Structure formats: structure tokens, C-alpha cells
Amino acid sequence: IYTITVTDENGCSSSALDTINTIGSTVAVEAIANTPCIGDTLRLTAVTATGGASFAWTGPNGFTSHAQDTIITNVSTDNAGTYFVTVTETATECSANASVVATIKEPASNEFTATACDSYTWIGQTYTSSNDYTQTFTAANGCDSIVTLHLIINYSNTGDTTAVVCDSFDWYEHTNIS
């Protein structure tokens, strides 16, 4: 029951009581997305209390879905952007719209070169040959952080020298060795 009051330009008013019947229910929706890293799964969810409803999602690159909760696997930065969902209550054909911006996080990468004699220890691992070595960590944004080491190993030379000498001889920078 509602009270309706009408006031004219002279300030005179009149009131009446009336009952207003609604058709169906009020439809409301909220769109939610996670924030995956490249290569992971984007999850889109339409949160609504409306039962007996249909869902229509649209988004970047021609994306469409009719599921309440939908996923996109192996995402790339092409999947970032605004996704829209329309929820339509089947009994009343009343609808509501919502949108959500999906962000796709990128992995971090870094590389460096090291030169060592005979061996090089990096992150608890000792390497004895020249090569490219990669380690994967978790970056601050939760994605992989890939670090590549370009390693150059120089090997030291050792050997024995035997000499038979009468009196003295010069060997490298040492003279008159007897």
C-alpha cells in the first residue's frame, strides 16, 4: 500500500492510498573476474539472487558465453578488457546488466651473463660448463619470474714441466734457477 500525494502550483494537495502489484521480481547482477597470469585460466562469475534466469556474456575478441560461471583457459593479454553480462529472469523477462574489467598479469623475465674460472655457483647449484641456465621464481604479482644466466666457463691450465739442466736456466719470468 502506497500513499500518493499530489500538490498543485497553489500549494493545495490531495492524498490517496493505493496498492501497487509488481510483476515478477527485481533482477540484480554483479560480475566478478579473477586476475590470472598469462597462460592461466580467467574465471568470470555472474552473481545474482535471481532464480530461473538466462545469462549472456560478451567480451574482447568476440567472446560470448551463456553460462552463469564461465572460464577462458590459457589466457593471453588479448583476453584483457571489459566483459559484459546480461541476466534475464525467464518468468518475467526482466533483465539486469553488469560489467567487469579483466586484467591479465604478465610474467617477469630477466637475464644476465657471468664468466668464471672452472665453475660457477648460482642459487645453490654449481655449474662447470658454459651454457644458458634458467630458474623460475614467483614474482611480486604472483606470476612466474624467469631468470636466465648466460654462463661462460674458462678452464684453468695446469701441467708438469720436467727439465734437465746443467748450471741454470730461465723458466717463465724466473731466471738462473738451479
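Structural remarks
- Count - residues of the stretch 92-130 that are in a strand (DSSP E or B), under 30 Å from the mean Cα position of the chain (by Cα) and free of Cβ contacts under 8 Å to residues at least 40 places away in the same chain: 8
- Every residue from the stretch 101-129 that is of a type in the set (Asp, Glu) and surrounded by 11 or more Cβ atoms within 10 Å (Cβ to Cβ): 106, 111
- Cβ pairs under 7 Å, 6+ apart, first in the stretch 46-63 and in contact (Cβ under 8 Å) with a residue 60 or more places away in the chain and within 12 Å of residue 88 (Cβ to Cβ), second open to solvent by 60 Å² or more (accessible area, probe 1.4 Å) and outside any loop (DSSP other than H, G, I, E, B): none
- Count - residues of the stretch 54-83 that are open to solvent by 30 Å² or more (accessible area, probe 1.4 Å) and of a type in the set (A, V, I, L, M): 4
Yes/no per residue for (1) at pLDDT 85 or above; (2) in a strand (DSSP E or B); (3) of a type outside the set (Phe, Trp, Tyr):
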position	(1), (2), (3)
24	no, no, yes
50	no, no, yes
54	yes, yes, yes
61	yes, no, yes
64	yes, yes, yes
78	yes, no, yes
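Here's the yes/no breakdown for (1) modelled with pLDDT of 95 or more; (2) out of contact with any helix residue (DSSP H, G or I) (no Cβ under 7 Å at 6 or more places or on another chain); (3) open to solvent by 40 Å² or more (accessible area, probe 1.4 Å):
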| position | (1), (2), (3) |
| --- | --- |
| 96 | no, yes, no |
| 131 | yes, yes, yes |
| 155 | no, yes, yes |
| 158 | no, yes, yes |
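- Unmet criterion (only one of (1) open to solvent by 30 Å² or more (accessible area, probe 1.4 Å); (2) of a type in the set (D, E, K, R); (3) over 25 Å from the mean Cα position of the chain (by Cα); (4) more than 30 Å from residue 148 (Cβ to Cβ)) for residue 89: (1)
The values are calculated or read from the model by the stated rules, or taken from the named source; none is laboratory data. Keep in mind it's a predicted model, so treat the numbers as computed, not measured. So basically every Cβ, Gly included, is an ideal-geometry build from the backbone, and we count neighbours across all protein chains shown. When the accessible area is computed, the model is the full protein with side chains, heavy atoms only, and any ligands, DNA or RNA have been set aside. Shrake-Rupley method; radii C 1.70, N 1.55, O 1.52, S 1.80 Å.
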